[in-house]
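Reading through the structure tokens given below for one structure.
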């Protein structure tokens, strides 16, 4: 078929290779072809309307076709779309760097914890393309920082069980999902993993299943913290503390939307900090208000400004902060790695010393991405946005509570405006569905038939609506979840 006569769906099936997709299954059916969007609504090539219940894979914050971001892009297009950051600067990227550093400041002043003098504050921004490249930058910087300041030959990293930090080789090396590592094991460097505080399936949790978030009724002695301390102690005995601890604060995304019980992150980061291990926070998913609670006083500073990052909510000061996804409001691929002054200064020297950070991207600091990000930050900082997020968070919490009566709902986990619903064969035993049952995918297919789009993580349904989602739209999303589960498991 010729490109002029074929439909977009036909061209897709003939030429496109989709990410994280078994293409044999994909080729069996006609795909949904998205043509336009406004607010939380997407329209396909056949005119059908869908609610975007996962913010276009966790990126879109304010809704599609937002007039303020559109206007910022239109103004910038009259000037220039892109120029190189190698040997040149540009105004939007410079302004964005300053805004990100200001936005990432701790919400409340306090005295530094043990060994925390090095983390006096994030001071510099390195721009890249997406979440994986932001992590790649952080891993490279932490690796070389350990070599230069400690004289270590082979710095090593610690991350969490089930961790996913991207698909570039460095980011994949600190990830621990076997599906993403196994085929490329020969290309990756080794890293260590420590148990995640997965309360619902924790081997140390002695509580019987209840109809509530497992974090609220767990019975344990913080064995997960003890396991972390043991891992750090073993590495210290080798006379080489970990160069970096890589973590997603408050909730692990691709691991299955696994939330951390209150206080866990503060405890383990203090253990890591005491051994001079750099804290590498992956806020690709959790950043820009997604995992914070604007309705909570702890989430605001003295000026009433809401925290935008999960680390601020948890009271943790990272040495490296990785951002992407929602950075541009879901408009353009752009990422940023924020670092402390001490890390930055380890790469300063005379030209002939070659202490430069030899890493870069053609579209680093792209002007269109930067102005979209600046417009998104403007929106996030308005009182209207804070109120909308607070209202959406409350309604989501109330609506999710109504799903506990479904026998195939094992756990419901919410952090801010991120929610995961774990599907099980029997909630009383926590018995999981086998992978071949495609439990999560089947429910999402049933939801799509009801005009709601999202994508599962295995047996976990993910809800991450844009911040502009109306009460009626959220009600429709929650109704589609219920009906999708009921029809899939009658």
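The values are calculated or read from the model by the stated rules, or taken from the named source; none is laboratory data. As the structure is a prediction and not an experimental result, all values here were calculated from the model. Using ideal geometry, Cβ is built from the backbone for each residue, glycine included, and neighbour counts are taken over all protein chains shown.
With respect to residue 119, determine if the residue is over 30 Å from residue 460 (Cβ atoms), touching a strand residue (DSSP E or B) at 6+ places or on another chain (Cβ under 8 Å), at pLDDT below 95 and buried (at least 19 other Cβ atoms within 10 Å of the Cβ).
yes
Let's see how each residue does on (1) in contact with a strand residue (DSSP E or B) (Cβ under 9 Å, 6 or more places away or on another chain); (2) touching a residue at least 40 places away in the same chain (Cβ under 8 Å); (3) closer than 22 Å to residue 403 by Cβ; (4) not assigned by TED's automatic domain parsing to the domain that holds residue 149:
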| position | (1), (2), (3), (4) |
| --- | --- |
| 192 | yes, yes, no, no |
| 200 | yes, yes, yes, no |
| 207 | no, no, yes, no |
| 212 | yes, yes, yes, no |
| 219 | no, no, no, no |
| 232 | yes, yes, no, no |
| 238 | no, no, no, no |
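Return the residues of region 255-271 that are buried (at least 22 other Cβ atoms within 10 Å of the Cβ) and in a loop (DSSP other than H, G, I, E, B); say none if nothing qualifies.
The answer is 255, 256, 257, 260.
Okay, residues lined up against (1) closer than 17 Å to residue 403 by Cβ; (2) in contact with a helix residue (DSSP H, G or I) (Cβ under 7 Å, 6 or more places away or on another chain); (3) in the same structural domain as residue 290 (by TED's automatic domain parsing); (4) touching a residue at least 40 places away in the same chain (Cβ under 8 Å):
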position	(1), (2), (3), (4)
450	yes, yes, no, no
461	yes, yes, no, yes
466	no, yes, no, yes
474	yes, yes, no, yes
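So, in region 26-61, how many residues would count as being within 21 Å of the chain's Cα centre (by Cα) and assigned to a loop (DSSP other than H, G, I, E, B)?
6
Looking only at region 33-68, which residues are touching a residue at least 60 places away in the same chain (Cβ under 8 Å), surrounded by fewer than 18 Cβ atoms within 10 Å (Cβ to Cβ), under 21 Å from residue 12 (Cα atoms) and touching a helix residue (DSSP H, G or I) at 6+ places or on another chain (Cβ under 9 Å)?
Hit for region 33-68 is 57, nothing else.
It is to be established whether one or more residues within region 131-154 are part of a loop (DSSP other than H, G, I, E, B) and either under 18 Å from residue 377 (Cα atoms) or at pLDDT 95 or above (or both).
Scanning region 131-154, I find no residue that is part of a loop (DSSP other than H, G, I, E, B) and either under 18 Å from residue 377 (Cα atoms) or at pLDDT 95 or above (or both), so the answer is no.
If you check 281, 346, 274, which single one turns out to be in contact (Cβ under 8 Å) with a residue 12 or more places away in the chain and either within 16 Å of the chain's Cα centre (by Cα) or buried (at least 24 other Cβ atoms within 10 Å of the Cβ) (or both)?
281
Inspect region 196-203 for any residue being assigned to a helix (DSSP H, G or I), buried (at least 24 other Cβ atoms within 10 Å of the Cβ) and in contact with a helix residue (DSSP H, G or I) (Cβ under 6 Å, 6 or more places away or on another chain) and give the result as yes or no.
yes
For every residue, the table says whether it meets (1) under 18 Å from the mean Cα position of the chain (by Cα); (2) surrounded by 24 or more Cβ atoms within 10 Å (Cβ to Cβ); (3) within 25 Å of residue 265 (Cβ to Cβ).
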position	(1), (2), (3)
134	yes, yes, yes
139	yes, yes, yes
144	no, no, no
157	no, yes, yes
162	yes, no, yes
169	no, no, no
185	no, no, no
193	no, no, yes
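Determine whether residue 6 is modelled with pLDDT under 95, more than 21 Å from the chain's Cα centre (by Cα) and not assigned by TED's automatic domain parsing to the domain that holds residue 478.
So residue 6 passes the test.
Note down all Cβ pairs under 6 Å where the first residue falls in region 257-268 and is free of Cβ contacts under 8 Å to residues at least 60 places away in the same chain and assigned by TED's automatic domain parsing to the domain that holds residue 205, the second is part of a loop (DSSP other than H, G, I, E, B) and surrounded by fewer than 24 Cβ atoms within 10 Å (Cβ to Cβ), and they're at least six residues apart or on different chains.
265/316; 266/315
Of the residues that sit in region 171-183 and are free of Cβ contacts under 8 Å to residues at least 40 places away in the same chain and out of contact with any helix residue (DSSP H, G or I) (no Cβ under 8 Å at 6 or more places or on another chain), which one is surrounded by the most Cβ atoms within 10 Å (Cβ to Cβ)?
Looking at residues that are free of Cβ contacts under 8 Å to residues at least 40 places away in the same chain and out of contact with any helix residue (DSSP H, G or I) (no Cβ under 8 Å at 6 or more places or on another chain), I get 176.
Return the pair list, or none, for Cβ contacts closer than 7 Å from residues in region 80-103 that are in a helix (DSSP H, G or I) to residues that are surrounded by fewer than 17 Cβ atoms within 10 Å (Cβ to Cβ), at least 6 apart or on different chains.
Within 7 Å, the pairs are 101/123.
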